[in-house]
Structure formats: C-alpha cells, structure tokens
Amino acid sequence: MSTLALEHESLAQKVVFAEDSFVVYLSDGRNISVPIIWYPRLINGNKQERANYELLGDGEGIHWPDLDEDISVEGILAGRCSGESQKSLDKWLKRRDK
C-alpha cells in the first residue's frame, strides 16, 4: 500500500466556482479542480453563498459560513469527497427551508 507524502505544504489562496466544479488556487502554483457534486452543501448553496468563503489558518482549509461547510486542502489533494451522512444533510436541508 502506498501513501501520499506531501513534500511541502500547499495552501489555498483563492476559490473560483464554475457551473459544475470549483477551482482551488494553491500557493505552490497549482490549480485543483474539484467536482461540486462531491460536496452536497456547496451544490445546494446559491452563487452568493458559495462566493462567501474564508480561508482557514494560512490557507490549510476553506470555510463557507453560510453553508456551514469546511474543506481541507489536504482532503482536496487526497481526492476525498464529503463524508457527511445523508441523515445529517437532510437535517441541514430542512433547517434551510425554514
């Protein structure tokens, strides 16, 4: 079994949304495109909610306060999608409808 070893820390600098993905611009010059469908809260958010993000720490993660979503750069680089259960997502969606 192999493991992913990061030689240097990659930090988020900016996030830009397209129709079905978002791109995270990293401090090492890479741009990582991520399918928005991997993160149900983002796909259920509107354009303004997705545009309202904060970088966590020095860019180790990204936080969307309007959507209560946090994604780490490490997770993006490892190809991890949201681990939220359907029950949790349904509860969140129900609160949004009020």
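Every number here is computed from the coordinates shown, using simple stated rules; none is lab data. Quick caveat, the model's predicted, so the values are computed rather than measured. Here Cβ is always computed from backbone atoms with ideal geometry, including for glycine, and neighbour counts include all displayed protein chains.
Could you work out the helix-only [θ] at 222 nm for the chain, with each DSSP H run of four or more residues adding -39,500 (n - 2.57) and the total divided by the number of residues, to the nearest 500 deg cm²/dmol? Display every interim value, and only then the final one.
On the way: 4 runs with 27 residues, N = 98.
Roughly -6500 deg cm²/dmol at 222 nm, from the helical runs in the chain.
Its Cα centre serving as origin, the chain has a Cβ charge dipole (Lys and Arg +1, Asp and Glu -1) of approximately 520 debye.
Shown here are the Rg and Dmax of the Cα trace of the chain, at 13.9, 47 Å. On full extension, the segment bounded by residue 90 and residue 43 gains 15.6 nm, given 0.36 nm per residue less the C-alpha separation.
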